[in-house]
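The values are calculated or read from the model by the stated rules, or taken from the named source; none is laboratory data. Just so you know, these numbers come straight off a predicted model, no measurement behind them. Every residue, glycine as well, gets a Cβ built from its backbone with ideal geometry; the counts of neighbours run over all protein chains shown.
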Amino acid sequence: MHSEPVFIDTHIHGAFGEDVSDASYEGIMNLARRLPEFGVKAFCPTTMTISEDNIMRCFDAVAKASDKLKEEGGLYSEILGVHLEGPFMSPNKAGVQNRDYCISPSKAGRIVDRIESHYPGLLKIIDVAPELDGGIDFIRQYSSRYIISLAHTEADYDIACEAFEAGAQSVTHLLNAMNSCTKRDPGILGAVFDNKNIYAEVICDGIHISPPVLRMLFELLPEDRIIVVSDAMRGAGMPDGMYKLADADVTVKGGRTYYGEGGNLAGSVTNMSEEASRLISFGVAPEKVLKACVDNPLSRLKFLAC
């Protein structure tokens, strides 16, 4: 769509053989320098559900990489801040994430405060399963300082609406790692539909969500609230093969990830430029696509500056 990098990817674990959860500042620098190949102008390095100590190492690596990139200059994708995908998630919806490291939001405050004390301003987005112990209280306490996004959750419609009322502003990879929307159980999608101010991340590779459902989402939801994300792992931009996603072995084959005996999805190996092109090929209006890939991700982050 564009020759110059324009896309904003606020949920990306890695690409080009690099993974944010490796906690390597050199790896994150390499990722940032190569993301313009995917048309990405800026991004939020995204962590996995790993130990608290490893989370802190990731923040140290991101902070160091950001400083060094600014010092060295040249073409690179700007680091906007960290998206903390784990560990405040339901182990029943963990997917490829390591459920051994899942903890309840009742214990999240201490970790978030520790991060903020060491790396002030670097943490931007926190994923939370609101039905877990302390979930709603955590949202009430921290939603004025961070983007709180519902993710990897068994929350139903009512709990999701309660979380939005408490201050949650977002949903992470809508329809993935959460309950479906059915005729008598509208789930989180129904809650997003009824709460027009909520941002909804959507993985638009046509694999995580089928093209007809993507078309439906872009018609159902406000066009200034849909955010396209890659949710890419280190196999993006790499040949088919076996790759680590945090502690998990993930097979990449034919543009898709496979994990475990059932061959479940484990992140994506797509990128923002490919997703934009695919969405247009699926029949979504180009102006909506551009808004979802550029304007809306920035709008969600600008909430923090208000």
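Results, tabulated for the structure shown:
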quantity: Listing of helices (runs of 4 or more DSSP H) fully contained in region 145-259 that carry 2 or more residues being of a type in the set (Phe, Trp, Tyr), free of Cβ contacts under 8 Å to residues at least 60 places away in the same chain and crowded, with 18+ Cβ neighbours inside 10 Å; calculated: 157-166
quantity: Scan of region 56-102 for residues that are of a type in the set (D, E, K, R), touching an Asp or Glu at 6+ places or on another chain (Cβ under 8 Å) and within 20 Å of TYR146 (Cβ to Cβ), ordered by number; calculated: GLU85
quantity: Neighbours by Cβ (under 8 Å, 6+ apart or cross-chain): first from region 72-100, without any contact (Cβ under 8 Å) to a residue 12 or more places away in the chain; second in a loop (DSSP other than H, G, I, E, B); calculated: PRO91/CYS102
quantity: Filter result for the condition that a residue is of a type outside the set (Gly, Ala, Ser) and modelled with pLDDT under 95, over ASN54, ASN98; calculated: ASN98
quantity: In region 11-34, the residues that are touching a residue at least 60 places away in the same chain (Cβ under 8 Å), closer than 26 Å to VAL171 by Cα and more than 16 Å from the chain's Cα centre (by Cα); calculated: GLU18
quantity: Selection from region 64-119 of residues that are under 18 Å from the mean Cα position of the chain (by Cα) and under 26 Å from LYS41 (Cα atoms); calculated: SER77, GLU78, ILE79, LEU80, GLY81, VAL82, HIS83, LEU84, GLU85, GLY86
quantity: Failed item, numbered, when LYS244 is tested on (1) more than 15 Å from ASP9 (Cβ to Cβ); (2) modelled with pLDDT of 95 or more; calculated: (2)
quantity: Some residue of region 278-290 being surrounded by fewer than 20 Cβ atoms within 10 Å (Cβ to Cβ), closer than 24 Å to GLY81 by Cβ and out of contact with any helix residue (DSSP H, G or I) (no Cβ under 7 Å at 6 or more places or on another chain); calculated: yes
